[in-house]
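Novice: After the C-alpha cells below, expect a handful of questions from me.
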Amino acid sequence: MELIQDYCELQLRIDSLDKDNIVEAFKWIRNSSIYRKNDGPAQIISILLQNTYIRPKNIGSFVILAELILKPFPVDEIIKILVRNFKNNSPPFSGRTTQNVIFFINTIDLLNIPKENVIDQLIPLFTNELFERDDNFNLFIYLGPDLEKYKPELFESIKKQYDESLPKWISNFNRIRANDWALLKQYREDFGVKDGINYAVRNDDLSAIRIGLITPTFSLDQTIIFNVYEPTVQINKSPSIFDYALFCGSLNIVQYYLVNCLPKDPMVTKEPIHAQYAIAGGNVQCISLLQQYNFTFEGCLHIAAMFHQKDLFYWLVENDYADFEQVFPNFGSVLHAAIKFGNFDASKICVETQKGASLQDNKGRTPLHVAVLSGLLPYVEMILSMDGVDVNAVDLDGMTPLMLAVEYNYIGIIKRLLEINNIEADCVDSIGLTALGHAACNGHVEILKLLLERNDIDVNRIDEEEMTPILSAYESGEYECCLLLAKDERVDLTIRNEEGQTIAHLAAGSNNLPLFEACLERCDIDDADEEGTRVIHYAATSQNVEFINACINHGADYNEPDLSGSTPLHIAAKSGSLPVVKLLCEKEDVDVNAIDEGGFTPLHCAVFAMNSEEIVRALFESGRLEPNITAIELQATPLMISAKRYDMDTIKVFLEHDGIDV
C-alpha cells in the first residue's frame, strides 16, 4: 500500500510542480519508496518525460527536478537512463514530441554532459523517419553543431536533404543554435502550419481571426491542420479553430464564437468534442461558458484523466458528468485511460467505484492488461482489489495479463500474478505460445526459472510453427533459455521441428557447447533427421572440435554416412572446418577417400570450401589420399574443379604432391 500511495503522491506533486516547490518535491522523492526501488529513478524520469507532453508549460520545472534526481549518478548511468526513456517514450503518446526533445536536451545541458557523449546513441534517430518526425528535426537542430564536428559526413548528408526539401528553414540554418527554441518555434509557426492560424489562436488574437473571417471560405468551424505535434492528437477528432481556442483558453475567440457563430448552428452544443477540448486545456472560464450555453460534457471524464486535470475530474464526478463504463474507441474506459496516461489519482477513484473491471479497449484488453503494460506493480494491485477481475482474460491476440508481463519482462508483476490461486499459467495465445513460450523465445531467463517451478505448465506445448518452447528459444538465439530447458527432465528433447531436427541436431551446429553437452546427456546420439543427417554430421560443421569430440565420446560413428552418402569428413571438408578435418584424418580407420552418391570424395568437397587451400593440405597430410578420383556427377577430378574456379592457391597445393594427374 505504501508504494501505491507514493505513486499517487508523486503524480500530485508533478501535477502541481513549479519553481517554488521543486526542492520540496525533490526531498519527498528522495525519501519515497519509489526512489528506493532499483529502477525507481528511471521510472520517475519516465513519468516526468511523459508529463512534458501533457503540461508543456512546466518543462522548466521538470528539467530542474530531473537534474536533482540524476545528479548523484555517474555520467554513463545518467545517459543510459535518459536515452533509454527518450527512445522508448511511446505509449500512450504514439511517439516522441517536441516537448520530449526539449526536456531531454535541457536536462543534458543542465547536467553539463557534453553532447558528443550522446550523439552515437542517438544517430539511428537521424536515419529513421528523419523527415516525417517533428521531434527528429528538433533533435537534429539541437545536435547540429556537435554532429558537424564529430560526424561531418552524416551532418552534410542530412543538411543537404533538408536544403532540398525545406529551403526556408535551411536559409537561416546558421542562426539556429542549441536551445534557440524561440527561433525554431517561429519557423514552425511561419512555415509549418496552415496560414499560421494556430499561432493566432494560442495568443487569443481575435483581430487576426476577424481578418480571416473576411474570406468567405474561412470559419471558426474549420479544422486546423497541424505539422507541429500537439497534445490534441489524443482526442478522437481533430480540432476546429473553436476547439483549439477552448484548448488554449483563448477567451476572446471563444466568446466571439458563442455570441456570433453558435446561434447559426445551435446543434453544436450536442457535440461532445467541444467540451472535451475545453477539459483538456483546463481553462475553468471556458468550461463555465460551455456549461452556461448547455454544451454536453459526454466523454469528458476520459479527457480529464488523460490530461491530468485533477480538479476537473472531481468536478465532472460531482456534477454527474461521469460515466465510468463508457468505452472510447482508442482508450477504452476511463480506468483504461487513467492507467495509460499515468494518472494514479484518477485510477484510484475509478477503482473505488468498482465499475469496469472487465471492460475491454479496442485491442480487447481489460484494465488489468493495461495495468500490467504500465510496468508498475501498484497499478496491478489496484486492479486486483476490484470485484469481478478476470486474471485470465485474453485480448484480441489471445494474450493474458501474465503473458504480457512475461513479454515485457516485468518480473515483479509476474511474481504477484503467480500468487493468485486461479491464475492459469498455461493459457495459449493466438500463435500457440504459452507464458513459458514467451519467456523462452524472448530470453527472459529469470522468468523462465519462475515458471519452471510450477507443475501446471506444459513444457512441451507445440505452437503454430510446430515448435516447443526449447525449439522456439533456439530459433530466437536464446541459448541460455535452451540450456535451462534442456536440463529440465520434463522437457522432451526428441520432439522435432518441421525439418525433422531435434534440439540436439540444432545445438550441434551452434557455438554453445554447454547446451550441446546437456542435450547429449538425454538424447539418442544416432538419431537422424529427415535427410538421414545424424547429430555427428551437424557437429562436423563446427569450427570447435569439442563438438565432434563430444559426439564420439557418446558413441557416435564418425564414419557413418547420411542418406546422400556424405560422411562427417565430407561435411567438415565442405564446411571448411579445419580442426574437425584434422581430427578425423588422424584416425586411421577414417576413409579419407569415401565416395558419396554423387561420386564426391572429401577432397572434392574441400575444393569448394572458403578455405580450400588449408583443407586440401590437411587431407594430403593424412598420407592416405587418392587425389585423382573423378566425381561421377561432374566428371571432374578435384584439381580440375580448382582449375575451373581459378583457385591458384589450392592448385599450388595439388602440384606440391607427386602422382597428381594434370
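Each reported figure results from applying straightforward, stated rules to the coordinates on display, with no laboratory input. Being a predicted model, the structure only gives us computed values, none of them experimental. So basically every Cβ, Gly included, is an ideal-geometry build from the backbone, and we count neighbours across all protein chains shown.
Novice: When the Karplus curve 6.51 cos²θ - 1.76 cosθ + 1.60 is applied with θ = phi - 60°, which whole-Hz ³J(HN,Hα) does each residue of the stretch 549-563 get, with x for Gly and Pro?
Specialist: With coefficients 6.51, -1.76 and 1.60, one gets 4, 4, 5, 4, 5, 9, x, 6, 8, 7, 10, 5, x, 8, 5 Hz.
Novice: Moving on. Considering only DSSP states other than H, G, I, E and B, which trypsin sites (Lys or Arg not before Pro) in the stretch 395-459 qualify as loop sites with at most 14 other Cβ atoms within 10 Å?
Specialist: Numbers: sites: 415, 416, 449, 454; in loops: 454.
Taking the stretch 395-459 and a limit of 14 other Cβ atoms within 10 Å, the loop trypsin sites (Lys or Arg not before Pro) found are 454.
Novice: Sticking with this structure for a sec: Enter the angle in degrees (range 0 to 90, nearest 10) between the Cα long axis of helix 116-127 and the first principal axis of the Cα atoms of the chain, meaning the one along which they spread out most.
Specialist: 90 degrees
Novice: Restricting attention to the stretch 469-548, which GluC sites (Glu not before Pro) occupy a DSSP loop and are surrounded by at most 14 other Cβ atoms within 10 Å?
Specialist: Taking the stretch 469-548 and a limit of 14 other Cβ atoms within 10 Å, the loop GluC sites (Glu not before Pro) found are 489, 498, 499, 521, 530, 531.
Novice: Output wanted: per-residue J couplings in Hz (rounded whole) for the stretch 425-432, from phi through Karplus 6.51 cos²θ - 1.76 cosθ + 1.60, θ = phi - 60°, x for Gly and Pro.
Specialist: 7, 10, 4, 10, 8, 5, 10, x
Novice: Taking only the alpha-carbon positions of the chain and ignoring solvent, what does the Debye formula give for the base-10 log of I(q)/I(0) at q = 0.06, 0.09, 0.10 Å⁻¹?
Specialist: Once normalised to I(0) and log-transformed, intensities are -0.53, -0.92, -1.02.
Novice: Under a cut-off of 19 Å between alpha-carbon atoms, report the aspartates and glutamates in cross-link reach of residue 270, not counting same-chain residues fewer than 8 places apart.
Specialist: 221, 243, 298, 320, 323
Novice: Find how many whole Å separate the alpha carbon centroid of the stretch 394-466 from the alpha carbon centroid of the stretch 29-76.
Specialist: 32 Å
Novice: Let me ask something else. How big is the gap, in Å, between the Cα center of the stretch 326-370 and the Cα center of the stretch 474-508?
Specialist: After rounding, the separation between the Cα centres reads 40 Å.
Novice: Continuing with this model, one more query. As a check on your grasp of the helix formula, calculate [θ] at 222 nm for the chain: sum -39500 (n - 2.57) over DSSP H runs of n ≥ 4, divide by the residue count, round to the nearest 500. Before the final figure, lay out each step's value.
Specialist: Numbers: 40 runs with 357 residues, N = 662.
About -15000 deg cm²/dmol.
Novice: Counting only other residues whose beta carbon sits under 11 Å from that of residue 484, what net charge do I get with K and R as +1, D and E as -1?
Specialist: On the way: positive: 449, 487; negative: 446, 478, 480, 488.
So the surrounding residues net to -2.
Novice: Right, another one. Kindly flag which residue pairs out of 80/115; 415/487; 19/80; 80/149; 80/449; 348/415 have an alpha-carbon separation exceeding 18 Å in this structure. Intermediate results must be reported in sequence, preceding the final value.
Specialist: On the way: 80/115 14 Å; 415/487 23 Å; 19/80 27 Å; 80/149 23 Å; 80/449 28 Å; 348/415 22 Å.
Distance filter (> 18 Å) returns 415/487; 19/80; 80/149; 80/449; 348/415.
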